[in-house]
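Data first, discussion second: the structure below is written as structure tokens.
The values are calculated or read from the model by the stated rules, or taken from the named source; none is laboratory data. Keep in mind the model is a prediction, meaning the values are calculated, not measured. Using ideal geometry, Cβ is built from the backbone for each residue, glycine included, and neighbour counts are taken over all protein chains shown.
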């Protein structure tokens with residue numbers, strides 16, 4: 001288990017101190033895939049680098065498996081870091097080494113013999129679906145293949161935790177999907193706890209169990225992905241989840257309502273039933289649904305008619321329905 005307790009990080013600059021993290025408290029449970037999402041500059045990359053002490057926090061504690069990382073002597077800290085691997089947006093492969101030798105690199109550093117290292121590396125390349133690329137070089141690989149090599153290398157030391165810092169940001173949507181599916185399989189089959197840092201809600205949707213939303217160096221909200229997605233409490237979460245093009249919402253029609261589907265009624269023909277019962281049209285101006293743990297959830301923004309009587313009939317219908325809704329402003 002990873003525990004961040006009252007974690008803060010301040011950088012000194014010529015123009016003055018910069019507060020990258022402030023009073024962060026998080027618990028990441030063993031075996032889960034935990035997402036940390038925020039806009040650029042929010043502090044999410046600093047946060048993930050504090051977990052393995054690549055960045056040493058200015059105050060607070062990082063406790064992993066019951067050990068306070070910030071209080072460990074150097075030799076013990078290095079030993080603990082073997083439990084924590086990291087993959088990056090830029091892959092960070094060694095261009096002069098073959099795929100196989102990239103994967104064996106951390107094993108060589110750890111003193112593992114050449115034959116044993118190669119045998120293990122070939123097994124890991126099979127896990128990530130690249131057993132036929134062992135003798136290729138990074139320049140001969142696609143972006144998705146490079147990231148798969150980076151994942152295989154990260155798994156070489158049998159880590160308990162895998163930190164992914166914008167690991168799919170440089171990839172196209174189809175490749176991103178395949179990499180996330182690979183990470184989910186690694187989580188389930190190998191039991192590796194995964195921390196995903198991203199600015200994309202679609203990445204969180206596809207892979208994470210829980211998510212923390214970070215804004216201006218602090219945790220704005222945290223919870224199950226389905227809960228945060230359907231009922232975002234913070235302004236930053238709403239900005240990340242709801243449509244960014246306000247022109248899609250700022251139309252000249254009537255009131256805007258957001259209908260929230262939490263899985264219980266997401267397969268019911270709510271809009272059809274509402275318009276037939278009320279004999280009043282509505283305009284669907286935004287809709288987004290996701291599947292999480294086999295349940296469909298999401299939200300929809302509708303525009304009511306300008307006619308006040310028709311609009312009131314729809315609002316009255318919603319008040320007497322089990323659908324969760326609220327007015328958009």
* Restricting attention to the range 162-169, does a residue exist that is part of a helix (DSSP H, G or I), crowded, with 18+ Cβ neighbours inside 10 Å and modelled with pLDDT of 90 or more? -> no
* Structure fact -> Those helices (runs of 4 or more DSSP H) completely within the range 28-119 that have 3 or more residues that are within 22 Å of residue 146 (Cα to Cα) and in the same structural domain as residue 225 (by TED's automatic domain parsing) are 44-51, 99-109
* To do: Of the numbered conditions (1) touching a strand residue (DSSP E or B) at 6+ places or on another chain (Cβ under 7 Å); (2) at pLDDT below 90; (3) closer than 30 Å to residue 232 by Cα, residue 17 fails exactly one; give the number of that condition.
  => (3)
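To keep it simple, each residue is scored yes or no on (1) closer than 21 Å to residue 222 by Cβ; (2) assigned by TED's automatic domain parsing to the domain that holds residue 224; (3) touching a strand residue (DSSP E or B) at 6+ places or on another chain (Cβ under 7 Å).
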site	(1), (2), (3)
133	no, yes, no
144	no, yes, no
156	no, yes, no
160	no, yes, yes
176	no, yes, no
187	yes, yes, yes
209	yes, yes, yes
* Residue in the range 137-145 that is surrounded by 15 or more Cβ atoms within 10 Å (Cβ to Cβ) and free of Cβ contacts under 8 Å to residues at least 24 places away in the same chain present -> yes
* To do: Confirm whether residue 107 is in contact with a helix residue (DSSP H, G or I) (Cβ under 6 Å, 6 or more places away or on another chain) and closer than 18 Å to residue 192 by Cβ.
  => yes
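Results for (1) surrounded by 18 or more Cβ atoms within 10 Å (Cβ to Cβ); (2) at pLDDT 90 or above; (3) under 25 Å from residue 86 (Cβ atoms), shown as yes or no for each residue.
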residue: 194; (1), (2), (3): yes, yes, yes
residue: 202; (1), (2), (3): no, no, yes
residue: 205; (1), (2), (3): yes, no, yes
residue: 213; (1), (2), (3): yes, yes, yes
residue: 239; (1), (2), (3): no, no, no
residue: 248; (1), (2), (3): no, no, no
residue: 251; (1), (2), (3): no, no, no
residue: 255; (1), (2), (3): no, no, no
residue: 264; (1), (2), (3): no, no, no
* Only one of (1) outside any helix (DSSP H, G or I); (2) modelled with pLDDT under 90; (3) touching a strand residue (DSSP E or B) at 6+ places or on another chain (Cβ under 6 Å) is not met by residue 226, so which one is it? -> (1)
* In the list 296, 301, which residue meets the criterion of being under 21 Å from residue 240 (Cβ atoms), at pLDDT 85 or above and assigned to a strand (DSSP E or B)? -> 301
* When you look at residue 158, is it over 26 Å from residue 80 (Cβ atoms) and part of a loop (DSSP other than H, G, I, E, B), yes or no? -> no
* Structure fact -> Scanning the range 1-14 residue by residue, the ones that are in a strand (DSSP E or B) and either out of contact with any strand residue (DSSP E or B) (no Cβ under 7 Å at 6 or more places or on another chain) or loosely packed, with under 14 Cβ neighbours inside 10 Å (or both) total 4
